[in-house]
Amino acid sequence: MAIEITGRNVDVSDSMRNYAEKRAAKLVAEFPRVDKVHVILDIQKFTHMAEVIAHAARHIQLEAKATSENMYASIDDAVDKVEAQLRKTLDKRHDHKGDSKLRDMETVTEEA
């Protein structure tokens, strides 16, 4: 598991770095197939932007951006968006696999 924090146009303070690492670590802990998380923090005038890129198994790359007037809120929003994308991707896989198992069970009961 690798968590990388990058700052554009901003010096990333220790508290910001720790907060972003803590949120990204929670993401990695919840989804064990996530190999790497890259958090990019950017400030343009009064807009604080956080971009989270999650690299998962099988060459899956999910990205999310969030902007607000507070960097911590932007980090929260971006991580939540990536979490929702990961959950949706996993649910699609589980639902797809689950449908085939249900079909197999239905054919067995019909034959009996």
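Each reported figure results from applying straightforward, stated rules to the coordinates on display, with no laboratory input. Remember, predicted model here, so these are calculated numbers, not experimental data. Heads up, the Cβs are rebuilt from the backbone with ideal geometry, glycines too, and the neighbour counts pull from every protein chain shown.
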Would you list Ser13, Ser68 from fewest to most Cβ contacts within 10 Å?
Ser13, Ser68
Please order Asp76, Asp11 by the number of other Cβ within 10 Å, starting at the fewest.
Asp11, Asp76
Hey, which of these cross-link pairs are over 18 Å Cα-Cα: Lys22/Lys45; Lys26/Lys81; Lys26/Lys92?
Lys22/Lys45; Lys26/Lys92
For Lys92, Lys45, what's the fewest-to-most ordering of other Cβ within 10 Å of each Cβ?
Lys45, Lys92
